[in-house]
1. Looking at the range 161-176, can you tell me whether even one residue there is closer than 27 Å to Arg277 by Cα and at pLDDT 90 or above?
2. Report whether or not Arg120 is at pLDDT 95 or above and either charged (D, E, K, R) or surrounded by fewer than 21 Cβ atoms within 10 Å (Cβ to Cβ) (or both).
3. I'd like to know if the range 290-312 contains one or more residues that are touching an Asp or Glu at 6+ places or on another chain (Cβ under 7 Å), within 27 Å of Leu143 (Cα to Cα) and surrounded by 19 or more Cβ atoms within 10 Å (Cβ to Cβ).
4. Return the residues of the range 163-180 that are farther than 22 Å from Leu391 by Cβ and assigned to a helix (DSSP H, G or I); say none if nothing qualifies.
5. For residues in the range 184-194 being assigned to a helix (DSSP H, G or I) and not charged (D, E, K, R), which is modelled with the lowest pLDDT?
6. Can you report the number of residues in the range 363-385 which are touching a helix residue (DSSP H, G or I) at 6+ places or on another chain (Cβ under 8 Å) and under 20 Å from Leu264 (Cα atoms)?
7. Out of the range 219-245, which residues are out of contact with any strand residue (DSSP E or B) (no Cβ under 7 Å at 6 or more places or on another chain) and touching a residue at least 60 places away in the same chain (Cβ under 8 Å)?
8. Could you grab me the full set of residues in the range 1-36 that are surrounded by fewer than 22 Cβ atoms within 10 Å (Cβ to Cβ) and hydroxyl-bearing (Ser, Thr, Tyr)?
Amino acid sequence: MPVAYLPRLIDDLLVRRLAHHPAVLLVGPRATGKTTTAARLARSEFRLDERAQAVAIEADPDAVLRGLAEPVLIDEWQIVPDVLRAVKRAVDADPRPGRFVITGSVRGDVDVPTWPGTGRLLRVAMFGLTVGEIRGSLPPVSLLDRLAEHGIEPLTTPPTEQLDLRGYAELAAEGGFPHPVLRLPGDERGPWLESYLDQLLTRDVAMLATHRDPQLLRRYLESCALNTAGITDHRTIYDTAGVAKVTGEAYDRLLRNLLVIDTLPAWWTNRIKRLVRVPKRYLVDPSLALATLRVGIPGLMKDGDLLGRIIDTFVVAQLRAQLATCETQPRLYHLRQEKGQHEIDVIVEYGGGRVFAIEIKAGSAPTRDDARHLAWLRTELGDRFIGGAVLHTGPRAFRLGDDIVAAPIATLWS
């Protein structure tokens, strides 16, 4: 029996983009629901992971695309990259809005000096399901936009859903891939994720790299998973994986291009001295990190370091998915001073250098000491500091000082 469509955060944004622009490129990790979402807007479809359709496009993309009912969905463009040049020619000849919606599971400008999408394709990022999408509680205004306008107030209302540490760990382990979350029982999600990893490390990788060792690449991905949500220099990652520097750098580029690894850049301002500029590396979905490490809930609950990293990865996944839809155009960073004197998990930067800062704690009862880095940043930035939050696994929201609140992680969606 077909599963009813689950509304996504970017639905309205895609409709608006296609109403005013000739082509939209929907980019995100494989199996995050891009095709299902894009197909709702299309009148014609080409799914390039079906060999017969790929062969037709390869033979003469201009002729195949000509005269189709629009918008035309071109799914997984990276399988036949020349299709983008045909789209470019079509859009140059007739720039009417709403002609093409294109999906892909690799970065759209991967290793191409003159990418044909420049100036023609509006890119929209799409990630896995957020808890709000799964619960069907999509707010009319994104949380990040509300924080920009109202400071900490949106986080002071008690959430409608109360979870403890194990409950958050279980949500993180479920992840955001629609098929296992919505259609599979819990004991079948692990095999699905293992199959996902196998395809990622073999077939998907083969599209972008001719020389690779799946076993070494898996070890490299395991090292990244072990260090998810970490401010770890690249050498530590490839040393842990047991690969050479050149190989490690190539694997890092490859996994970034496949949208499996993401980073929070280091935040910088000339108002604060000795800020470290090393990015914070994440796997894009916490369930993928756990599947890579072959760790279930019992093992996770016994490993405090990994548990903290997975909770951090889970929270950032909830925030990252909002970015494309935000009117305020926020950017996510992290902050760290040399020797760890001060560090903050997430810096949400808005226009004009205004900042909302977030600490993520696996504990259930944060104190003022847990907010000391937020208080320090408030002093350093003055009126550019919008507010700060310590997100935790307990049930209550309460203030920890002026413009600083302790709030349950569940306030991100409820």
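1. Looking through the range 161-176, none of the residues is closer than 27 Å to Arg277 by Cα and at pLDDT 90 or above.
2. The answer is no for Arg120.
3. Scanning the range 290-312, I find at least one residue that is touching an Asp or Glu at 6+ places or on another chain (Cβ under 7 Å), within 27 Å of Leu143 (Cα to Cα) and surrounded by 19 or more Cβ atoms within 10 Å (Cβ to Cβ), so the answer is yes.
4. Pro178, His179, Pro180
5. Among those that are assigned to a helix (DSSP H, G or I) and not charged (D, E, K, R), it is Gly186.
6. Of the residues in the range 363-385, 1 are touching a helix residue (DSSP H, G or I) at 6+ places or on another chain (Cβ under 8 Å) and under 20 Å from Leu264 (Cα atoms).
7. Leu221, Glu222, Leu226
8. Result: Tyr5, Thr35, Thr36.
The values are calculated or read from the model by the stated rules, or taken from the named source; none is laboratory data. Computed from a prediction, not measured in an experiment: that's the story for all the values here. Every residue, glycine among them, receives a Cβ derived from its backbone with ideal geometry; neighbour counts consider all protein chains shown.
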